[in-house]
Amino acid sequence: MLDYFSHSRLQSYKKCPAQFYIRYIEGVRKPDEGIEAFLGKRIHETLEHLYSRQLATEFPPSLDTVLASFSDLWKSNWHSRIAIVNRFMGVRDYFRLGESMLARFYRIHFPFDQPVIATEERLEFSLDDSGNYLMVGILDRVDRLNGKGIVIHDYKTGKRALTQQAADKDEQLALYQLGWELTREPAESFQLVWHFLQPGFVVHSTRTSDELTRLKKKIICNIDQIRDHVEGKKPFMPHETKLCYWCYYWEECPAKQGSNPVMKHV
Ligand code: SF4
């Protein structure tokens, strides 16, 4: 189960060791899905289609085509285990929210002539030469800037955006830069770009090579801690926060009883 790590696996351990244990060590998988996660996936797929089509044809699709693609993806992926926590929002509200995020993205980025070289690019890389610290990451979009620079884009569909200060310390895209440097052709420069689609703004950041070296050491240390924890057979303690409302593992969680009462399937 721990043959490789990813940013989300490391975050899961940090946020709630019990959830990490249930999901990644015991391997419990649930069919349940919060509607926010469902919406996020459909937005990512729609933008991937948009840029793949653009790469293939060089003609920008109309907004109607983009929204029809979103609607098709929404309908074809819908399933009976989607749940809503927010009692002030219904399915239709989330669908409209998705349309409004895409319409704004469309207005800002039309005619989609950004120098895109990849979408949903999967990177697998080792943080050291031993091969014991394998990482996996999926990059939402990669552009090539002025022929020699690389821009790594990430789409976020949640309500909150990172401040500049938080983006400058964020580990996810910095890890992706590390992965690109380790597995792809060299680049003269890198930019990290977050698109916060719901609040509607973009944040840029860069990393120095010293910062990346420090990050690499930190992640190796985090992975060692997790492996020591597993091998030491110490309990993985639950960390209860309001995020528990979006957790599907109440039945397995030592801090909870029964199933999540807030998550209502629609
Ligand atoms: S319900 Fe809360 S404490 Fe329990 S596993 Fe999930 S996130 Fe952790």
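Taking Glu58, Glu33, Glu45 as the candidate residues, the one with maximal mean-square fluctuation in a Gaussian network model of the chain, Cα springs under 10 Å, is Glu58. Taking only the Cα atoms of the chain, the radius of gyration and Dmax are 19.7, 57 Å. Of Met237, Met89, Met135, the residue with the greatest mean-square motion in the GNM of the chain, using alpha carbon springs below 10 Å, is Met89. Of the listed residues Cys244, Cys221, the order by accessible area with a 1.4 Å probe, largest first, is Cys221, Cys244.
Computed over protein heavy atoms with a 1.4 Å probe, the accessible surface of the chain works out to 54 Å² per residue.
Between Thr208 and His109, residue separation times 0.36 nm minus the direct Cα-Cα distance comes to 32.8 nm. Taking GluC sites (Glu not before Pro) across region 184-236, the ones in a DSSP loop with at most 12 further Cβ atoms lying within 10 angstrom of their Cβ are Glu188. How would you classify region 33-109 from its alpha-carbon gyration tensor, with a ≥ b ≥ c the square roots of the eigenvalues: rounded for a/c under 1.5, else prolate if a/b is greater than b/c, otherwise oblate? Prolate, since a/c reaches 1.5 and a/b exceeds b/c.
Looking at the chain, the DSSP beta bridges with both ends there are about 65 percent antiparallel. Using the Cβ of Pro17 as centre and a radius below 14 Å, the other residues enclosed give a net charge of +3, where K and R count +1 and D and E count -1. Cross-link reach is defined here as a Cα-Cα straight distance under 27 Å, omitting same-chain residues fewer than 8 places apart; for Lys264 the lysines meeting it are Lys14, Lys15, Lys30, Lys41, Lys75, Lys156, Lys159, Lys242, Lys256.
Note on the chain: with a GNM built from Cα contacts shorter than 10 Å, the maximum mean-square fluctuation among Asp129, Asp143, Asp64 falls on Asp129.
The Cα center of region 104-152 and the Cα center of region 154-173 differ in position by 16 Å.
The apolar share of the surface of the chain, taken as the fraction of accessible area on carbon and sulfur atoms (1.4 Å probe, ligands and nucleic acids excluded), comes to 52 percent.
Restricting region 3-41 to trypsin sites (Lys or Arg not before Pro) that sit in a DSSP loop and have at most 12 other Cβ atoms within 10 Å of their own Cβ leaves Arg29.
Working from label points 7 Å from Cα in the Cα-to-Cβ sense, the Lys30 to Glu58 distance is 4.9 nm.
R0 = 22 Å: FRET efficiency of Lys15 with Lys159, Cβ-based, nearest 0.05? Once rounded, the FRET efficiency stands at 0.80. Once the chain from Lys169 to Glu120 is taken as fully extended at 0.36 nm per residue, the excess over their C-alpha distance is 15.3 nm.
The values are calculated or read from the model by the stated rules, or taken from the named source; none is laboratory data. Keep in mind the model is a prediction, meaning the values are calculated, not measured. Virtual Cβ from ideal backbone geometry, glycine too; neighbours counted across all protein chains shown. Note: areas computed on protein heavy atoms with side chains; ligands, DNA, RNA excluded. Shrake-Rupley method; radii C 1.70, N 1.55, O 1.52, S 1.80 Å.
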